[in-house]
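*Asks:* Got a structure for you, questions after.
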Amino acid sequence: MRALPEKKSLVAAVSSAAAGAAFPNTRWSLVAAAGTPRSEQERREALESLCRSYWYPVYAFIRHQGREAEEAKDLTQEFFLGVLGGSFFSRAAQEKGRFRNFLLGAVKHYLSDSSDRERAWKRGRGAPLLPFDFDFGESAYLCEPSHGETPERIFQRKWARAVLDRAVGNLREEFVNDGKSDRFERLKGFLGGSGPVKVAELAQEFGVSEPALKSSIHRLRMRYRDLLRDEVAATLDNPAEVDEELRFLLRAISVRTSEV
């Protein structure tokens, strides 16, 4: 399980980036837009990408509703088959243009409406299973301490963690593509402030000066900030709301600090 950046890194991402920065069309804006068959293919690909990235908050929400693991797996699969088929768009209404609100509203409706579940089940018969790592998901869910949070709060917190994980994963991939995966593993601790080892010790290990290493750490944090903003923007219909959504993520993560 990937280590999550600490709260400081998210604060930096919120405060240091220019408000209202321009972004290209995001995955969610493609999903939200109606259009030609060509754009419909783009829409489905964008939606599949979002579903692959953010299925776990839905699974955790369903589990916290008291469903057993096997039932939750089936319901999660059936729900996302319905999402990909467009079944829930008219009722969920894309609240405030945020993909997380769409998913939460849609899964609530799905769990409360047996006719929707029946249609999703029939539609899913014979369809290939979506590539969700339920073994990881269940292990992560069972590692959570017992608490009195509502399923909605569980969903929001898991969503925030999934966004952070995606940004860190994208950063790691860039280092891997440059043949520097080991370097990333040594530096990633600095995304949350101070790293697990002193800068002087790491500089000696890398064979560089302390100022050079500090400059590398600064660039790492700035790149993480950009990737985090890009990932958040991909879940919004209006990219101008990135800073507001980042503040939401910070609040969602911070709530747990007194419980861990």
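*Asks:* Is at least one residue of the range 223-237 over 16 Å from the mean Cα position of the chain (by Cα), surrounded by 13 or more Cβ atoms within 10 Å (Cβ to Cβ) and of a type outside the set (D, E, K, R)?
*Replies:* no
*Asks:* Do you know which of the residues in the range 60-84 that are farther than 20 Å from residue 159 by Cβ and touching a residue at least 24 places away in the same chain (Cβ under 8 Å) is surrounded by the fewest Cβ atoms within 10 Å (Cβ to Cβ)?
*Replies:* So, considering only residues that are farther than 20 Å from residue 159 by Cβ and touching a residue at least 24 places away in the same chain (Cβ under 8 Å), the one surrounded by the fewest Cβ atoms within 10 Å (Cβ to Cβ) is 69.
*Asks:* Residues that are modelled with pLDDT of 85 or more, touching an Asp or Glu at 6+ places or on another chain (Cβ under 7 Å) and surrounded by fewer than 17 Cβ atoms within 10 Å (Cβ to Cβ): does the range 47-55 have at least one?
*Replies:* No, that holds for no residue.
*Asks:* Give the residues of the range 171-194 that are surrounded by 15 or more Cβ atoms within 10 Å (Cβ to Cβ) and more than 20 Å from residue 226 (Cα to Cα), sorted by residue number.
*Replies:* Matches in the range 171-194: 186 only.
*Asks:* Can you tell me which residue in the range 131-164 is modelled with the highest pLDDT, limited to those that are surrounded by fewer than 17 Cβ atoms within 10 Å (Cβ to Cβ) and either closer than 19 Å to residue 88 by Cβ or small (Gly, Ala, Ser) (or both)?
*Replies:* Result: 152.
*Asks:* Suppose the filter is under 21 Å from the mean Cα position of the chain (by Cα) and part of a helix (DSSP H, G or I); does residue 171 pass it?
*Replies:* It is true that residue 171 is under 21 Å from the mean Cα position of the chain (by Cα) and part of a helix (DSSP H, G or I).
*Asks:* If we keep just the residues of the range 82-118 that are modelled with pLDDT under 90, part of a helix (DSSP H, G or I) and polar (S, T, N, Q), which is nearest to residue 53 (Cα to Cα)?
*Replies:* 90
The values are calculated or read from the model by the stated rules, or taken from the named source; none is laboratory data. Nothing here was measured: the structure is a model prediction, and the numbers come from that model. Neighbour counts are summed over all protein chains in view; Cβ atoms, including those assigned to glycine, are modelled from backbone coordinates with ideal geometry.
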